[in-house]
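Enquirer: Below you'll find the structure I mean.
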Amino acid sequence: MANSQKSYVEHVALRVKDIQWHIHFFYEVLGMDVREIDGPTDAPHQYWTLGGLQLMSTPGFTAPPSVEAGWLAHLGIMVDDLEAALRDAQAWGVTPLPQGRNWLQLPDGLAIELIQASPHTVSQVLAINPRAHS
């Protein structure tokens, strides 16, 4: 049975203990700018990025001790410049993971895999307005 329906994940919602740290990390290292904010800008309840993340402020949140424990395994993030992203991430106290130098664990336990995108493709995807209706 063929299915003609096409789909993709528009965003992923993540509980984070320190929302400001995550906002700044994803902006400074990966260029994920704000799309929407719920609450005051200096202490948002939720923060959506261009690029598909929804950060949910959960101050008491504690992630399982490892990505193998069943929480979210990792986020694969396409980047324009892998070398620049890896260089910028070093200043944020992230932990390298054994899967490879492009795998990083953030302080709250979230693992990210940074993937080199083909030239100009990240800009093309970000130009899509996921909330627009035709």
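The values are calculated or read from the model by the stated rules, or taken from the named source; none is laboratory data. In this text the structure is predicted, and so the values were computed from the model without any measurement. Glycine gets a Cβ as well: all are built from the backbone with ideal geometry, and neighbour counts include every protein chain shown.
Enquirer: Give me the pairs, please: first residue somewhere in segment 82-104 and surrounded by fewer than 14 Cβ atoms within 10 Å (Cβ to Cβ), second residue anywhere and of a type outside the set (Phe, Trp, Tyr), beta-carbon distance under 6 Å, and either six or more positions apart or on two chains.
Expert: Thr95/Gln105
Enquirer: Show the residue pairs that are 6+ apart or on different chains and have beta-carbon atoms under 8 Å apart, the first residue being within segment 121-132 and touching a residue at least 24 places away in the same chain (Cβ under 8 Å) and part of a loop (DSSP other than H, G, I, E, B), the second being surrounded by 10 or more Cβ atoms within 10 Å (Cβ to Cβ) and among the acidic types (Asp, Glu).
Expert: Taking only residues 6 or more apart or on different chains, the pairs are Pro130/Glu10.
Enquirer: Any chance segment 7-18 includes a residue that's modelled with pLDDT of 95 or more, of a type in the set (Val, Ile, Thr) and surrounded by 14 or more Cβ atoms within 10 Å (Cβ to Cβ)?
Expert: no
Enquirer: Turning to a different aspect of this structure: Quick one: Gly39 ticks every box in (1) over 17 Å from Gln116 (Cα atoms); (2) surrounded by 14 or more Cβ atoms within 10 Å (Cβ to Cβ); (3) at pLDDT 95 or above; (4) of a type outside the set (Phe, Trp, Tyr) except a single one, so which number is it?
Expert: It is condition (2) that Gly39 fails.
Enquirer: Could you please find all residues in segment 57-87 being in a helix (DSSP H, G or I), small (Gly, Ala, Ser) and at pLDDT 90 or above?
Expert: Of the residues in segment 57-87, the ones in a helix (DSSP H, G or I) are 67-69, 82-87.
Next, only the ones that are small (Gly, Ala, Ser) stay: 69, 84-85.
If the condition is that a residue be in a helix (DSSP H, G or I), small (Gly, Ala, Ser) and at pLDDT 90 or above, then Ala84, Ala85 are the ones that fit.
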